[in-house]
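Here, each number is a calculation from the coordinates, and none is a lab measurement. Computed from a predicted structure; not experimentally measured. Heads up, the Cβs are rebuilt from the backbone with ideal geometry, glycines too, and the neighbour counts pull from every protein chain shown.
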């Protein structure tokens, strides 16, 4: 995972260097004279073979001042291992008036507690403590930026019923996570609805929809979509929501399961033994 993400960062950085160089009417030799980076190394950077460094990013910012420090900003953000496509998505999400959100199997990042998120991030292959810390900070910062801004978007979270039963970490972490979901459901511009464990057409991908674009991701990568793809995802979300329990019913389900987790018991075990909330 770390290697694939690193390659993605290098490829995206290199593509931006090439785009700016060509836009400025420069060949690689001319850019080499401006930056002091030799031709061969510049070629490898543009092809995504060599990852960016802080020094290279600073030199690109000097060479292309109209980007207003983008190269250094991109490099610094890439160190938190947030995929470039997701950074592009923030351009749509940050000013959005509404967000429709679906996450199969686990709680969505916008409503995860720090402990729940940390456990999810730690389960990724080949991650270090530094990567986990960077991703966790980005996730929590995003929550503050979206849900707690002065004029937050209207959010509809469709929560997979299975995510309420799937144990992430300890029962205490799960109880706190469901308590966080209850807290979110009671925010004035947030609606939370639970999707029953039935067959439907959105198992293959998590996605977020705004009025202008959508972001969908799978186990390999994520992408930003507009036009026809946005229409298709909107239709899927509407079909999904039609199958959900109502917001009051959903809140009661979450509260009942939170009580079971709070007793230190897995709800699946409780159900098998006939114990109820």
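Summary of computed values
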item: Relative contact order for the chain, counting Cα pairs under 8 Å that sit 6 or more residues apart, in percent; result: 18 percent
item: Packing-based order for 244-252, 113-121, using average beta carbon neighbours within 10 Å, highest first; result: 113-121, 244-252
item: The chain: angle of helix 171-185 to the longest principal axis, Cα-based, in degrees nearest 10; result: 80 degrees
item: Stretch gain in nm, segment residue 205-residue 162, where the contour uses 0.36 nm per residue and the Cα spacing is subtracted; result: 14.0 nm
item: Difference of contour (0.36 nm per residue) and Cα-Cα distance, residue 197 to residue 259; result: 20.3 nm
item: Gain on full stretching of the segment that runs from residue 40 to residue 140 - 0.36 nm per residue minus C-alpha separation; result: 32.0 nm
item: When the range 2-78 is reduced to its Cα atoms, the Kirkwood hydrodynamic radius in Å; result: 12.2 Å
item: Computed [θ] at 222 nm, deg cm²/dmol, the chain (DSSP H ≥ 4; -39,500 (n - 2.57); rounded to nearest 500); result: -17000 deg cm²/dmol
item: Acute angle (nearest 10 degrees) that the helix 227-242 long axis makes with the longest principal axis of the chain, alpha-carbon atoms; result: 10 degrees
item: The chain - share of DSSP beta bridges that are antiparallel (%, nearest 5); result: 50 percent
item: Acute angle (nearest 10 degrees) that the helix 54-63 long axis makes with the longest principal axis of the chain, alpha-carbon atoms; result: 60 degrees
